[in-house]
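A quick write-up on the structure given underneath.
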Amino acid sequence: MSKAMRAPLPERTLRVVVIVVALVLALGPVLYGMVLAIRPFSAVLNAPLDLFPSPSEWDFSAFGTAIRDEADGGFGLGRFIRNSLLLALGTVVASLAVSVLGAYAAARLRYKGRGVVNGIILSVYLLPGIVLAVPLFVMLSRVGLTGNLAGLLIVYVSTTVPVAIYMVRNYFIALPESVEEAAIIDGCSLPVMLWRVVLPIAAPGVAATAIYVFMIAWNEYLFALLFLVQKRELWTAPLGLSQLTEISVPVTVLLAGSIIVTVPVVVLFFIFQRFLVSGLTTGAEK
């Protein structure tokens, strides 16, 4: 950028100030929580605003206490995270398996009332969770699927499929139909064309949808509470984390547990960041 095109000094200074303030507001509470989590509880009580503890004061026992099973004196967060991981991965696989086929049909098939059907699919996701909670609980309790992870997996898949179809559908619409027509002319059947031609091109969009579905299932609390409240051994990470908010639990354990629960989502985001950004951009282009 030439000197003549550079913004005036006051404007550049204002930009820097705004960025610094935004970073402090966004990262400040997180960093403060991390500092408190690695300090002994007694030290936190005596000096809660000590932001720079000496290395000799560092204490990571709160992380072990949060993860260990109750029988070993912990709060069982490790088991709850394992349950959440199984549920989230299962939801991603099942939801994408259904959504890819549904999204392709919604994007390519021409039939009367197509717009209405697509609107109904999206409207299901827009309904508040509390509206669906009671009907789903009643239906699944009739077939004995409450109080176990299988029933909760069905709920998660049924609630994430609408938004997954909507997201993947937008990526499919953005793809040129000429590519599919060329594959069919070359002798590909519809399933082969979808598997070998369409999905590789739409991979960033599918990956972005998978990450979004994973985050929904990982952070979900209402349905987990409704279906698993009586089965502590099957609790998910959000349920396990809620128990750490009791006044009898040291705040260092609460903060350590919050960091542990957050790490998988952050790691997943950085690993697939390239797919997420390109996928969202592709979905916006038509």
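Read the figures in this text as sums done on the coordinates, not as results from a lab. Just so it is clear, the structure is predicted and the values come from calculations on it, not from any experiment. Cβ sites come from the backbone with ideal geometry, for glycine too, and all protein chains shown count toward neighbours.
Using the Karplus curve 6.51 cos²θ - 1.76 cosθ + 1.60 with θ = phi - 60°, work out ³J(HN,Hα) for each residue of segment 143-159 in order, rounded to whole Hz, and write x for Gly and Pro. Computed from phi, the couplings for segment 143-159 are 10, x, 10, 9, x, 8, 6, 5, x, 5, 5, 4, 4, 5, 5, 5, 8 Hz. For segment 12-73, the spherically averaged projection of the C-alpha convex hull amounts to 5.9 nm². Given the Cα atoms of segment 144-286, and with Rh set as the inverse mean 1/r over their pairs in the Kirkwood sense, what is Rg to Rh to two decimals? That ratio is 1.12, to two decimals. Sorting 45-54, 61-70, 94-103, 239-248 by their mean Cβ neighbour count within 10 Å, with the most densely packed peptide first, gives 94-103, 61-70, 239-248, 45-54.
For the chain, modelled as a GNM whose springs connect Cα atoms under 10 angstrom apart, the maximal fluctuation among L149, L254, L31 occurs at L31.
Between V229 and R82, the simple spin-label model (points 7 angstrom out along Cα→Cβ) gives 2.6 nm. Three semi-axes describe the equivalent ellipsoid of segment 173-229; taken as square roots of 5 times the Cα gyration tensor eigenvalues and ordered largest first, they are 37, 12, 8 Å. Angle of helix 77-108 to the longest C-alpha principal axis of the chain, folded into 0 to 90 degrees and rounded to 10: 20°. Across segment 222-264, the residues whose backbone nitrogen lies under 14 Å from the label position 7 Å along the beta-carbon direction of A71 are 233. Each Cα pair under 8 Å and six or more residues apart adds its sequence gap; the mean of these over the residue count of segment 71-189 is a relative contact order of 43 percent. For the chain, modelled as a GNM whose springs connect Cα atoms under 10 angstrom apart, the maximal fluctuation among V161, V197, V20 occurs at V20. Taking the inverse of the mean 1/r over every pair of distinct Cα atoms in segment 78-188 gives a Kirkwood hydrodynamic radius of 16.1 Å.
The separation of segment 38-81 from segment 84-153, counted between C-alpha centres, amounts to 39 Å. Label segment 1-150 by shape, choosing from rounded, prolate and oblate, from the square roots a ≥ b ≥ c of the eigenvalues of the Cα gyration tensor; if a/c is under 1.5 it is rounded, and otherwise prolate applies when a/b is larger than b/c, oblate when it is not. Oblate, since a/c reaches 1.5 and b/c is not below a/b. Take the convex hull of the alpha carbons in segment 209-253; its mean projected area over all directions comes to 4.1 nm². The largest-to-smallest principal axis extents of the Cα set in the chain are 74, 73, 33 Å. In the chain, the longest principal axis of the Cα atoms and the axis of helix 129-142 are about 80 degrees apart.
Test of understanding: what is the full-extension gain from A43 to E177, defined as 0.36 nm times their sequence separation minus their Cα-Cα distance?
On the way: separation 134, 0.36 × 134 = 48.24 nm, distance 6.42 nm.
In short, 41.8 nm is gained.
With the convex hull of the Cα atoms taken as the outline of segment 133-191, the averaged projected area works out to 6.0 nm². Relative to the longest principal axis of the Cα atoms of the chain, the long axis of helix 203-219 lies at roughly 40 degrees.
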